[in-house]
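Written below as structure tokens is the structure these notes are about.
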Amino acid sequence: MNNKTLVVVLIILFCACNKEHLVTFSEKEKPLDSIAYYYHLSKDKTKDLNIRYQAINNAYKRFDIDYENTVYHKVLYQKSVIHYSLKQIDSLKHYNALLLEKTNATKDIYYEGKAYYLKAYYFDNIKFYSDSAYYYYNKSKNNFLAIKDSSQIGRRLLNMAYVQQSYSDFFGSKETITDALRYLLPDKDAKYIASAYNVLAISNKNLLNNEDAIKYYEKAIVNTKSNTDRLVYKNNLSIVYINNKRYKKAIELFRDILSDSLLHISPKQKARLIDNYAYARWLKDTLDIEKELLSALRIRTQENDKRGLIASYKHLGEYFSQKDREKSLKWFDRTMKISKSIKNPKGELEALSFLMKMKPEDINIKTRYIELTDSLQKQELQVKTQFAKIRYDDQLKVEEIHRLKDLTAKQELEVSFQRTQKIIYLLIGVILILIIVFVSYYLMQKHRKDTETKVYNTERRISKKVHDELANDISSVTNFIENTQDISTFSIRKSIGDRLQNIYLRARDISTEMTSVDVVNFQKELKNLIQQYNNQNMIVITNVSETDWSTVPDYKKIAVFRVVQELFINTIKHSKATKTTLMVKDAGKHRIVTYKDNGIGAIKKNLNINGLANAENRIENIKGEFIFETSPDEGFVATIMFQR
């Protein structure tokens, strides 16, 4: 995990507990003899770390006389955190394992989630076992999903995206970040939202989408409330300019950052900026930058910043490659040694690529480069596969829950239909008449020998007539039935109104379907639809441009297009969403389209599900599945799955 990741993780590690889970201690407790007093002292970051360590130990020792489950879990968690801060890794493992045991026994989901987080952090930053880290971050996320703690869900997804990114799973990282943005709350998670944009920028940079990388770095800079983080994001933006050979732009931004007084608070960031600034000037004008590079190296050595030392050694190697071959070889040799020591094969690989140019006759260097490249590719593939399996297994569990809920809802609906059998017959009769009229008209039009333009104009005229006449007539019938006094109960009148309203929506859908969809240029057609809703009021994040639709039958394309169109319309009308994601991916022979918004959501049983029923019917007609989930303040999620 890079420096940016470490900063974010440490902030998460030391952040205050969710207010819903804080325990209020009695004001009457004696300060020098209470768990509360010592706990709060251990949380005071203005105190020396050793004082905080003694305080949390004093709190922990008092549980034999003053025991309470939630308080105990809270103190255990803080004790584990302080052991990590003191680099007491064995103690961290011991007390966090104890926390997991106790929270599991008492069903304390919140602190169990925090314990899983610490376990993931241990595998991520101490053992460097990415698959284990990802697994426990995901378990932590599921705990917070169970108690609907949106902020903690978003933060765990952010951790998972960082792990994916560190192993070059950039597409997976982007997908995870779009999930995180749906959960992070603007009023309390501004820092993490900015960090999420930073992750998106890094992924796009590595996927060579440089314009998107610049856009998301700028979003991170605008959204963060931390001046220190803003300096980090500006530095990252400067690196993109260097990669694009826009050295002048990078140098100007570096100068602006270096003039900031906050830079002196973080020696590691200061060293990073001095090093990158000198490197950009050298690339632009081949200046003498040895003094600046060595200055950055001294700071990183003092701070024991091993990841930073890789960058310093590599830049010194490049610099001396044009001046002093022996010094250059020495610096690249140091690059490889420190990369091996912290299990960073990419650093070693970069050094080897330079050494091959300098010593083309050295077979050992070439052999090592090939072996390391193959090993890295295999490792990244294994890790990506493991990440995908964890997420896929999670998705299957969620889908099973959704299916059970849908089955229950359908059974309840069937009971309701049986109680109002006469009304159903009436509705079926009206629908059949509507279908017969439309099919007859359509068949008549098919037999005409007109040009394509005349056919198109006729279809538009029929569509308008159905919408303006049939739909309005049925809407009038709805009003009549709802106000008729002969119907005995309000629930029956309401049921009649709902079902006739469904006829109205079907008529409207038929009207809409008469307009054409460009199935030949379907990807462009879908992007145009998305662009209609991607504006200052709502951000739409999507990967449709990366998807091939040429193998999908035309009738399936049209069905998917209409459902996505209906979902966007419903979001605009009802959800008050500011962010929407539309992601497409393939799983075996199936294509999965996931639509999510961060709107106000709704109680599912209170929804007017006519429009969603239409969407479900469309997807069922192409032998697919349509699943949706929503609840108050949790947004809306719809999944479309069909065989390509």
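With r defined as the distance between the Cβ atoms of residue 333 and residue 255 and R0 fixed at 35 Å, what FRET efficiency is calculated, to the nearest 0.05?
Computed FRET efficiency for residue 333 and residue 255 comes out at 0.60.
If ligands, DNA and RNA are left out, what is the accessible area of residue 135 with a 1.4 Å probe, given in Å² to the nearest 10?
100 Å²
Each residue of segment 234-247 in order: what ³J(HN,Hα) in whole Hz does its phi give by Karplus 6.51 cos²θ - 1.76 cosθ + 1.60, θ = phi - 60°, with x for Gly and Pro?
Karplus-based 3J(HN,Hα) across segment 234-247 equals 5, 4, 4, 4, 4, 4, 4, 4, 5, 4, 8, 6, 8, 5 Hz.
What is the extension gain from residue 94 to residue 376, computed as 0.36 nm multiplied by their sequence separation minus the C-alpha to C-alpha distance, in nm to one decimal?
On the way: separation 282, 0.36 × 282 = 101.52 nm, distance 3.28 nm.
Contour length minus the Cα-Cα distance gives 98.2 nm.
At R0 = 30 Å, how high is the FRET efficiency between residue 623 and residue 440 if r is their beta carbon distance? Nearest 0.05 is fine.
Numbers: r = 27 Å, r/R0 = 0.91.
For R0 = 30 Å, the calculated efficiency reads 0.65.
Using a 1.4 angstrom probe with every protein chain in place, what is the largest-first accessible-area order of 519, 544? Don't skip to the end; give the middle numbers.
Values: 519 25, 544 5 Å².
Order by accessible area, largest first: 519, 544.
With each pseudo-label sitting 7 Å past Cα toward Cβ, what's the residue 294-residue 545 distance in nm, one decimal?
Computed distance between label sites residue 294 and residue 545 equals 4.7 nm.
Once each part is reduced to its C-alpha centroid, what is the distance from segment 318-338 to segment 568-594 in angstrom?
Cα centroid of segment 318-338 versus Cα centroid of segment 568-594: 50 Å apart.
Positive end of the dipole of segment 80-201, charges at C-beta (+1 Lys, Arg; -1 Asp, Glu), about the Cα centre: which of 153, 164, 94 has its Cα farthest in that direction?
94
For segment 284-289, just list the computed ³J(HN,Hα) in residue order, Karplus coefficients 6.51, -1.76 and 1.60, θ = phi - 60°, integers in Hz, with x standing in for Gly and Pro.
Result, ordered by residue: 7, 10, 6, 7, 7, 10 Hz.
Taking 0.36 nm per residue of separation and subtracting the Cα-Cα distance, what length does fully extending residue 106 through residue 521 add? Can you show the working numbers first?
On the way: separation 415, 0.36 × 415 = 149.40 nm, distance 5.71 nm.
Contour length minus the Cα-Cα distance gives 143.7 nm.
Counting only the heavy atoms of the protein chains, how much of residue 583 is accessible to a 1.4 Å probe, in Å² to the nearest 10?
My reading of the accessible area for residue 583 is about 30 Å².
Computed FRET efficiency, Cβ-Cβ of residue 210 and residue 45, R0 25 Å: what is it to the nearest 0.05? If you can, show how the numbers build up before the last one.
Numbers: r = 39 Å, r/R0 = 1.55.
Between residue 210 and residue 45 the formula returns 0.05.
The values are calculated or read from the model by the stated rules, or taken from the named source; none is laboratory data. Keep in mind it's a predicted model, so treat the numbers as computed, not measured. Counting neighbours? That spans all protein chains shown, and the Cβs are built from the backbone with ideal geometry, glycine included. With ligands, DNA and RNA removed, areas are computed over all heavy atoms of the protein, side chains included. Shrake-Rupley method; radii C 1.70, N 1.55, O 1.52, S 1.80 Å.
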